[in-house]
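Just so it is clear, none of the values below were taken in a lab; they were calculated from the coordinates. Owing to the predicted nature of the structure, the values given are computational and were not obtained by experimental measurement. So basically every Cβ, Gly included, is an ideal-geometry build from the backbone, and we count neighbours across all protein chains shown.
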Amino acid sequence: MSLKKLITVMTVFFLLSLPVLNAQEAAEEKKEDPLKNFSIVEETQPVPENLKVGFESITAKDAVTYLKFISSDLLQGRDTATPGYEIAAEYVASMFELWGIKPAGAMTRPRMASPFAAPAAPQKTGRSYFQTIPLRETIETDSKAIIEWQKGAQKKSRAFVANQDYSYGRMFGGGTSSFTAPVVFVGYGIQEKSLNLDDYKNLDVKGKIVMMLSETPGKDDPESPFNKGEMKAKYYPQRQMMRRMTSPKSALAKKLGAVAILQVENSPQTNGDVAQRVVSSRRINDERPIFPGTRRRLSLIQGKTQAMPWDTIPTIRISREMADAILGYVDQDTESLKGKIETTLKSHSMVLSGVSFTLATKAKTKLVSSRNVLGYIEGTDPELKNELIVIGAHLDHLGQRGDYIFNGADDNGSGSAAVMEVAQAFAKNPLKPKRSVVFALWTGEEKGLLGSYYYVANPTMADKKIANNINLDMVSRTYTKERLQRMGRMMGELPEGFIDKIDIKKLTRGSYDANVPEFGEMLKANNQYVGLHLQLNPSKEPSGGSDHFPFAMAKIPYVYFMAAMTEDYHQPSDSVEKTSPELMEKIFRLTYLMANSIANK
Ligand SMILES: [Zn+2]
């Protein structure tokens with residue numbers, strides 16, 4: 001994720017953390033019967049005759065065909081408000097038109113006639129397939145970090161270079177901003193009663209910047225208490241996405257009132273070179289790489305989005321060299337402090353007397369826009385057709401960083417292909433639903449659910465009621481045995497042989513609003529025709545990592561499909577070859593049946 005800002009990283013962590021948390025919640029509640037939330041179907045039933053045409057029109061081959069185009073290099077990673085995204089949007093709209101899906105976007109305005117042209121036939125106005133969303137683009141153009149030291153009349157300062165001495169993922173403030181605060185060294189930034197270790201003991205870090213070593217003491221020592229049992233699970237959760245979201249160290253710093261973290265690179269191989277570490281660590285590890293480059297942020301001009309759970313304390317990663325320069329003002333250095341902490345497992349925290357840190361950034365702002373794609377099938381019931389079942393998926397992805405294209409085949413080419421395929425199934429099936437069904441491709445999800453938020457706040461067919469949302473995000477990848485076992489462990493005690501009953505090639509998760517238990521029943525009933533190994537996940541708190549969230553916030557009940565999270569998540573390696581056409585076919589078919597059940601209930 002080379003040039004990407006942390007908000008994307010945070011999206012990663014956030015997305016991955018939700019299913020886990022929900023699974024844990026669900027496991028706690030349903031401890032007595034873990035099977036209750038699974039629907040495992042081996043032999044499928046023949047699909048009802050009146051949905052057969054639509055159902056059978058959904059094929060693995062179609063899914064892959066759409067996905068190949070959407071995730072091709074031509075589209076350059078479909079970043080919001082870029083030509084690549086626009087190509088994807090036009091492609092979907094063309095297919096909708098081809099299949100006879102009606103436009104459900106904004107009304108088109110007649111074009112102004114040229115005074116020099118011959119009078120033309122009056123132009124027809126009507127709906128388009130698009131909803132244009134005005135956005136503010138903020139690009140950070142400059143970032144400077146300065147360390148100052150002052151003692152009486154003595155004063156020293158040193159400036160550092162972004163992406164060489166330090167790096168951070170998330171833009172600070174709204175762009176052009178500056179902040180200065182005193183620095184406190186807090187060792188590893190850990191409070192563990194059981195180890196009698198408190199790096200914050202007798203320290204007031206309120207309003208200050210805490211400087212801490214990354215990871216935990218004795219990272220490479222298997223005998224370190226942090227590499228065992230509960231402690232390991234706490235500081236090194238298995239799920240990559242949870243790692244930053246729920247990082248106990250940054251949560252603690254935030255709780256104690258620190259304003260930012262200076263995180264010292266702990267890895268000895270990359271001493272003093274943040275940029276090198278960042279570039280060489282392409283593969284996912286416990287501290288995800290953030291690639292240096294342009295920082296671009298998009299936000300809605302009208303309407304506000306929810307505060308995102310990834311809005312945690314800002315973390316600036318600094319090189320060993322920069323850390324030593326800071327500690328040098330008080331005659332300390334990183335390696336010896338680190339050594340003392342590791343050998344004694346005692347706090348060596350200290351106020352860095354007279355030391356302050358300033359980060360000053362500059363940004364330029366301009367107005368841009370991007371588009372949701374919206375089509376619909378009108379309901380047949382004279383009353384119920386005024387209710388909309390919105391089937392949506394985000395079409396945008398992370399774009400391109402340097403030479404790397406983030407094709408986003410699974411995230412979320414797969415969900416986009418699902419919406420397309422389900423739309424064509426509705427168009428082909430002779431029996432139409434009672435309620436109207438909207439097919440939506442959202443823009444700006446990776447930038448903070450911008451497209452779906454905008455739609456919920458500014459519905460295009462305002463005379464109709466949005467009744468339900470079905471969201472698909474990452475529905476093409478199969479679980480690995482390891483991931484399944486991990487999931488099993490999280491669910492507590494499972495009946496003997498239960499894990500062996502689950503076919504990882506068919507495993508997916510269907511989350512839904514716990515206030516609508518009927519959705520669970522519908523998912524089970526429809527799975528009889530599809531044969532997924534479906535984990536049902538009723539969720540009391542709307543999980544906020546994807547486009548069902550704005551609907552949930554507006555009290556619109558949702559169903560949300562997601563398959564396996566993989567190492568390719570938000571990496572250039574998320575490519576079409578790795579997707580499972582068979583899994584997609586099953587999930588898309590289940591989506592089609594679910595949409596019919598909801599639209600006809
Ligand atoms: Zn996604």
If you plug each phi of the stretch 560-575 into the Karplus form 6.51 cos²θ - 1.76 cosθ + 1.60 with θ = phi - 60°, what whole-Hz ³J(HN,Hα) values come out, in order, with x for Gly and Pro?
9, 9, 8, 9, 6, 8, 10, 5, 7, 4, 6, 10, x, 7, 7, 10
Filter the trypsin sites (Lys or Arg not before Pro) in the stretch 512-557 down to the DSSP loop ones having no more than 12 other Cβ atoms within 10 Å, then list what survives.
540, 555
By DSSP, what percent of the beta bridges with both residues in the stretch 484-601 are antiparallel, rounded to the nearest 5?
35
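How about the stretch 326-414: which GluC sites (Glu not before Pro) there lie in a loop by DSSP and see at most 10 other Cβ atoms within 10 Å?
Here the sparse-neighbourhood loop sites are 383.
Please work out how much length the chain gains when fully extended from residue 482 to residue 90, using 0.36 nm per residue of separation minus the C-alpha to C-alpha distance, in nm with one decimal.
137.1 nm
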Alpha-carbon Rg with Dmax, taken over the stretch 455-601, Å:
16.1, 54
At 7 Å along the Cα-to-beta-carbon direction for both residue 501 and residue 159, put a label point, then send me their distance in nm to one decimal.
6.7
Euclidean distance of C-alpha centroids, the stretch 75-94 and the stretch 351-401, integer Å:
14
5 angstrom amide H check on residue 372, placed H, neighbours 5+ away
131, 133, 443
Using 7 Å Cα-to-Cβ label points, what is the residue 463/residue 541 separation (nm, one decimal)?
4.1
Projected label distance in nm at residue 193 and residue 224, using a 7 Å step from Cα toward the beta-carbon
2.4
What's the exposure ranking of 548, 570, going from fewest to most Cβ atoms within 10 Å?
570, 548
If we sort 424-430, 191-197 on the protection proxy, mean other Cβ atoms within 10 Å, highest first, what's the order?
424-430, 191-197
Test of understanding: ordering 584, 107 by Cβ neighbours within 10 Å, fewest first, what list do you get?
107, 584
Cleavage-rule hits, GluC sites (Glu not before Pro), the stretch 434-497, DSSP coil, Cβ neighbours within 10 Å at most 14
493, 496
